[in-house]
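First up is the structure itself, then whatever we jot down about it.
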Amino acid sequence: MPPSILDQEEELHSFSRNGGAKVLYKFPARLISITHTIFAYCAFFLALIFGCYFSYYKIVQNEHYGYPEEWFPSVSATTGDRYPARAIFQIFIALTSGPRFALVFLWYLLITKSARTASKGFGKFLLTVGLIRTVSCGGWVYITSSDDHDTHDIAMILYLLCTLPWQYGVWKTTPRSSHNAAKWRKIFTALFFGTLPPMIYYFIQHKVHRVSGAYTIYAFFEWSLIIYDVAFDAVTALDFQRFEFTIQDLSAVHGHGDIDDDKHGEQMALPKNPKAWKKLQGYIGEIYLAFVFWSMLTSLGLLIWYFPLFNMGISGYEVLLFVTISPCLLGNRSVQTTVYKNRYLFHLLSLTGVASYLVETPSRRLIITAFGVSVSILTWMSTFIGSSADPVQFERNVLVWGTGLTFFNLVKLAWATESPIWPTMKASTGGWNGTGLLLGIAAVVSGILNNKKDNQYMGRSLSSPLLKSASKDGSWAYAATGFGSLLFALHSMYTDSSLIMRWTVTGYPHYGPSPVPWGVLTIFVLAVGLVLSFNQQLVLNILWFVFGCTSCLIFYGCSGWLGYIGGLLLGLYLMSLILVLPKAMAIYSPMKTMLLAFMVYNFLCLAHVWVVAYEFVPGGVYARERTNWVLSCTMAFIGLGVYNAKLALQPNRPEKSPYRNLLQEVRSHIGVLLAAIIAFSAIISVGRVLTAGSIVPYHPEQKMFTAGIWTIHFALDNDMWASERRMRDAVRDLELDVIGFLESDTMRIIMGNRDWAQYIAEDLGYYIDYGPATMTHTWGCLMLSKFPIKKSVHHLLPSPIGELACAIHATLDVYGQDVDFIVSHNGQEENLLDRQQQTAELARIMRESQNPFVFLGYVVTKPFQQIYNMLYDGGRINDIEPSDDDRWCEYIGYRKLNRVGYARITHGGITDTEIQTGKFILENDNLDQWKPSYEREDEANVPQALRYPEIFKGEGIRNHRFHVTPNNEPIYYRPS
C-alpha cells in the first residue's frame with residue numbers, strides 16, 4: 001500500500017479515536033522528563049562553571065577559611081551569591097519549572113488512571129507533596145540567604161522534607177512492569193539519603209569545630225545530592241514511554257471554533273473519592289487514642305515519683321506501678337470479648353486519666369490517673385488479641401499504636417518536652433488538658449461510628465495465617481518477655497525526641513546534638529523503623545538482632561554525637577519489632593502472657609530507677625550504677641522474643657497473601673501519616689529556632705552579672721504541677737545571667753522523660769549545659785548562661801558509699817574574660833566520707849584554676865564546719881557572706897571578682913529550697929589575694945542598674961520574696 005494511503009488511513013483512525021477531533025501535533029511524554037533533566041543540570045552546573053570562572057576565590061571563602069584550605073564551593077555559595085552565576089541559575093530553574101509541574105501531574109495520572117498502582121487518595125497526597133516541593137524550590141532559589149536568611153532556610157527545609165515522601169511515594173507506586181525504573185529509584189534513593197549523614201557530619205566539623213577543609217568535603221556531598229535528586233526524577237522517562245501528548249483541533253467536534261467550556265470541563269472532571277478522607281480520619285482518631293495511651297503511661301511514673309521525692313523514701317504509692325498488669329484479665333473469655341466489642345467505650349473510660357488534672361489533691365490525682373492507665377492498657381491489649389485472627393486489622397491496630405508513639409514525640413517537641421495532657425499540667429503551666437479531653441471524646445465517637453459503618457477488614461473468611469500449623473518450638477514465656485522488654489525500651493528511651501541526647505551528653509565544645517533541631521532526626525528514625533517493621537524477614541534475621549545489640553553497645557559506651565547515633569540506630573531496631581513481637585504474643589493464652597509481659601516491664605522499670613535511687617530502696621546497693629545490666633537484660637529478653645517469633649510465626653510473603661491489597665492500603669495510609677508527622681516536626685523545630693530569645697546579658701554596660709543556685713526537685717512543684725513556667729518567671733525577674741539548677745536530671749521514667757530546661761533557655765535566651773549525662777546515674781546539675789560556654793567538664797565526684805555527686809566545671813566568656821564556674825551537688829548528710837572526698841575534689845578544681853571563679857553548689861554543712869573549711873580554704877575562694885549562718889545546703893563562693901550584692905529569695909512553693917544569688921562585677925585587676933572587708937553599702941548609694949529588683953521586697957511577687965538577711969532585704973557591699 002502506498003505511503004500516502006497509509007497516512008490517510010492513520011489520520012482517519014486518529015480522527016475516529018479522538019471523537020472527530022483533528023490531531024495537529026503529538027510528542028512522547030518522556031520528553032518532559034528529558035527536558036526537566038537537561039534544564040535542571042544546566043542550572044546547577046553552568047552556575048558552577050561561571051561562578052568558578054568569575055568569582056572563584058569569593059565563592060570558596062566561608063566564615064572561617066578561604067583558599068587554599070577551602071577549594072570547592074558549596075551549592076548555595078555558587079548559585080545564590082554572585083553575578084552572573086546567580087542569574088544563569090535562576091533563568092534555567094525558571095525554564096525547569098514548566099516541565100517540573102508537568103512531571104508531577106503526569107505521575108499522578110500514571111499511578112491513578114493508567115497503571116493504577118495507588119488509590120486516588122494517596123495519589124492526591126503525592127500530587128500535593130510534589131507541588132509543594134516545586135514551589136518551595138522556587139522559594140530558596142529566588143530568595144537567597146543574603147536576601148532573607150530565615151525565609152531561604154525555611155523554604156530549603158520544606159523542600160528537603162517533601163523529598164522524603166515524594167521519593168518514597170514515587171518508589172512505592174512505580175508500576176510493577178517498570179522493573180528498571182524501580183531498580184534505579186532504589187539506587188538513587190539510597191544514595192540520596194545515604195549521603196545525608198556524612199554531609200551533616202562535615203557541616204558540623206566546619207560550623208562547630210571549625211576544621212579546615214571540612215566545608216569543601218561537605219560541598220562535594222551537597223553537589224552529589226543535586227545529582228541524585230535530579231537523576232531520581234529523570235527515571236520517569238522510563239515510565240512515561242506509555243504516554244504521549246496530543247494537540248487536537250476540536251472545531252470539527254463542536255461545529256464551530258469555540259470550545260464548549262462547560263461540556264469540556266465536565267468531561268475532564270476527576271471523580272471524587274469520598275471514602276479516602278473518611279479512612280484517613282479514622283486513622284487520625286485512633287492515633288490520637290494511641291497518643292493518649294503513651295501520655296498516660298509516661299505520666300504514671302512521674303506522679304508516683306512525687307511521693308517518695310518529698311518523703312525521701314518509700315511512700316507506698318509505688319504499688320500503683322502494677323496497675324499495668326490489668327491485661328491479664330483478658331484471660332477470662334467473657335472479659336476479653338466484652339472489652340474488644342466495646343473497646344471504644346473502654347477508651348472513653350480510660351480518658352478519666354486525662355481528666356484527673358481537675359483534681360487538686362496529689363494522691364487522688366495519682367489514683368485516678370492509675371485507673372485510666374490500667375483501662376487504656378487493657379483496651380489496647382484487647383484490641384491486639386481480638387484482631388489477631390485478621391492479619392490486616394491486627395497490623396493496622398499495631399501500626400496505629402506505634403504511630404501514636406511518633407506523634408507523642410511530635411507533640412512533646414511542640415511543648416518543649418512536656419505533654420499538654422499530663423496530669424501535672426494545667427492552663428497556667430501550658431497544659432491543654434481540656435482540649436485534649438474533648439479531642440479524646442471526639443476520637444472515641446469517630447471510632448464508634450466508623451466501627452459500625454466500615455467493617456471492611458472484619459471478614460473472617462480465611463483462617464488466621466499468624467501461627468504455624470504444627471509449631472511445637474514456640475514459647476509463650478519468650479513471647480511475653482520479648483514484648484514486655486520492648487515496651488520498656490520504647491518507654492525508657494524513645495518517649496521524647498531529646499531523650500537519647502541527654503543520656504549521652506558530654507561537655508563543651510563536644511557537647512553533642514541539641515534537641516532543636518536534631519529532635520527531628522530522632523522522630524524521622526523512629527518513623528523509618530516503623531516502616532521497616534513491614535518486612536518480617538528482615539526483622540527476624542539474626543544479623544538484624546546483632547545490629548540492634550551493636551547499636552545498644554555504642555549507645556551505652558559512647559558519648560556526644562557517636563552515642564546519639566548509637567541511640568538512633570537502636571531506636572530504628574526497636575521500632576522495627578513493633579509488629580512481630582505483639583503478633584507472636586497474641587497467639588498464646590492472654591492470662592499468662594500478659595501477666596508475664598507486664599511484670600517484666602515493671603521489673604525493668606524498677607531496675608531502671610534503682611540504678612540511681614539505690615540509696616533509698618531495699619537492696620539498692622546491688623543495682624548501683626547498673627544501667628549496663630538493665631540494657632543487657634532488655635536486649636537479651638528482646639532476643640528471646642525475636643527467637644520465638646521466628647519459630648511461631650508463618651513466613652511473611654506479601655506477594656502470596658490474599659490480603660496483599662488491603663495490607664498495602666494500610667501501610668500506605670500509615671506512610672502518609674508518618675511523613676506528615678516528620679514534616680510537622682521540622683516545621684515546629686524551625687518555629688522554635690525562630691522564636692527563641694536572643695542571648696544577651698542583663699547589664700552589659702556595667703560588666704555586671706548575677707549568678708544563682710537553686711535546687712528545684714525535678715521541676716515538679718509542691719502541689720505536683722510542672723514548675724518550669726514559674727521557674728522561668730523567677731529567673732527572668734531576678735535577672736540571673738548564670739544559674740545552676742540542682743536535682744535537674746528528668747530523663748528517666750520516674751521524672752517523665754522531659755527536658756524542662758529547653759523551655760526556659762529558649763524563652764529567655766540562654767546557653768545550656770545539661771550537665772552529666774543520665775547514663776552516669778546522678779540526680780543532675782544543670783547550668784544556664786547568658787555568656788558563651790567555651791568549654792565544660794562534667795565531673796562524677798568521689799562517692800564510695802552514698803549516691804553519686806555531680807559537678808559542672810565550665811569556662812564562660814564573660815564580657816571577653818574567661819571566668820570559671822562550678823555547679824555541684826554533693827551527697828547526703830548520712831555519708832560524711834562521701835562529702836569529704838567530694839569537697840576535696842571541688843577544692844582541687846578551684847585551686848588549680850587560674851581564672852576568676854564562681855562556686856554555686858549544694859554542700860550539706862553549716863558555716864565554718866569541717867566541710868565548709870575544706871571548700872573555701874582548700875579552694876582558695878571567698879564566701880559571699882560568711883555572717884549568714886542560716887545556710888545548710890546551698891553556698892556561693894568567688895575569687896578575682898568584685899562582689900556587689902547578695903540575696904536569698906523564697907522558693908515560692910516550687911520546691912523546698914530557696915534561691916541564693918550574688919551580683920559580681922568583672923575586674924581587670926588581679927584580685928587573687930584580695931580579702932574582702934564585707935563592709936556594707938546602703939542601697940541608696942548603689943547605682944540603680946546594680947540593685948536587685950524592687951518587686952521581691954515585702955510580700956514579693958508570686959510568693960517569691962527576699963528573706964533571712966537583715967530586714968529581709970538584699971545586702972550590698974562597698975567596693976575595695
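FYI, it's all coordinate maths here, none of it is from the lab. The shown structure was predicted, so the numbers you read here are calculated from the model rather than taken from an experiment. Quick reminder, even Gly has a Cβ in these numbers, built from the backbone with ideal geometry, and neighbours come from all protein chains shown.
For segment 692-972, the convex hull drawn through the C-alpha positions has a volume of 125 cubic angstrom per residue.
Under the 0.36 nm per residue contour assumption, what length would be gained going from the current alpha-carbon distance of R660 and T435 to full extension?
Numbers: separation 225, 0.36 × 225 = 81.00 nm, distance 3.84 nm.
The R660-T435 span can extend by a further 77.2 nm.
Relative to the longest principal axis of the Cα atoms of the chain, helix 274-311 runs at roughly 10 degrees.
Could you pull out which residues in segment 804-832 have an amide N less than 15 Å from a spot 7 Å beyond the Cα of A840, following the Cα-Cβ vector? Counting backbone N atoms under 15 Å from the label point, the list is 832.
To test your reading of the geometry: what angle, between 0 and 90 degrees and rounded to tens, separates the Cα axis of helix 3-17 from the longest principal axis of the chain? Between the helix axis and the principal axis of the chain, the angle is about 60 degrees.
What fraction of the DSSP beta bridges in segment 790-941 is antiparallel, stated in percent and rounded to the nearest 5? Write down the numbers at each step before the final one.
Working: 31 of 37 bridges.
Roughly 85 percent of the beta bridges in segment 790-941 run antiparallel, per DSSP.
Distance between the modelled labels on K790 and D886, one decimal in nanometres: 3.8 nm (7 Å Cα→Cβ projection). Subtracting the Cα-Cα distance of T550 and V617 from their residue separation scaled by 0.36 nm leaves 20.9 nm.
Paramagnetic label reach from L131 (point 7 Å along Cα→Cβ; backbone nitrogen cut-off under 18 Å): within segment 86-105, residues 97-105. Helical runs (DSSP H, four residues minimum) scored at -39500 (n - 2.57) apiece and divided by the length of the chain put the mean residue ellipticity at 222 nm at -18000 deg cm²/dmol. According to the square roots a ≥ b ≥ c of the eigenvalues of the Cα gyration tensor, what is the shape class of segment 472-652, taking rounded for a/c under 1.5, prolate for a/b larger than b/c otherwise, and oblate for the remainder? Because a/c hits 1.5 or more and a/b fails to exceed b/c, segment 472-652 counts as oblate.
Segment L833..Y57, full-extension length gain: 273.1 nm, with 0.36 nm per residue of separation and the alpha-carbon distance subtracted.
Between I49 and A477, the simple spin-label model (points 7 angstrom out along Cα→Cβ) gives 7.3 nm. Residues whose amide H falls under 5 Å from that of I892, counting only those 5 or more places apart or on a different chain, are I880, with hydrogens built in the peptide plane. Helix 391-414 versus the longest principal axis of the chain: what angle, 0 to 90°, nearest 10, using Cα atoms? The helix 391-414 is inclined about 50 degrees to the chain. Against the set (i) 118, 79, 49; (ii) 103, 71, 69; (iii) 124, 71, 59, the structure's computed Cα extents along the principal axes in Å falls on (i).
Among M747, M720, M585, M156, the ranking by other beta carbons within 10 Å of each residue's beta carbon, starting with the fewest, stands as M156, M720, M747, M585.
Over the chain, what is the relative contact order in percent, taking alpha-carbon pairs closer than 8 angstrom and at least six residues apart? Spell out each step's value before the answer.
Numbers: 1727 pairs, mean separation 92.1, N = 976.
This gives 9 percent for the chain.
The GluC sites (Glu not before Pro) of segment 800-897 meeting both criteria, a DSSP state outside H, G, I, E and B (loop) and at most 16 other C-beta atoms within 10 angstrom of the site's C-beta, are E829, E830. Comparing W629, L530, V612 along the charge dipole axis of segment 472-652, the residue lying farthest to the positive side is L530, per the Cβ-charge model. Going by a ≥ b ≥ c, the root eigenvalues of the Cα gyration tensor, does segment 332-413 fall in the rounded group (a/c under 1.5), the prolate group (a/b larger than b/c) or the oblate group? Because a/c hits 1.5 or more and a/b fails to exceed b/c, segment 332-413 counts as oblate.
Mind putting a number on the dipole of the chain about its Cα centre? Charges go on the C-beta only, +1 for Lys and Arg and -1 for Asp and Glu, and I need it in Debye to the nearest 20. Can you show the working numbers first?
Numbers: 78 positive and 78 negative charges, 812 e Å.
Roughly 3900 debye for the chain.
Taking label positions 7 Å along the Cα-Cβ direction at both R936 and S315, the computed distance is 4.1 nm, reported to one decimal.
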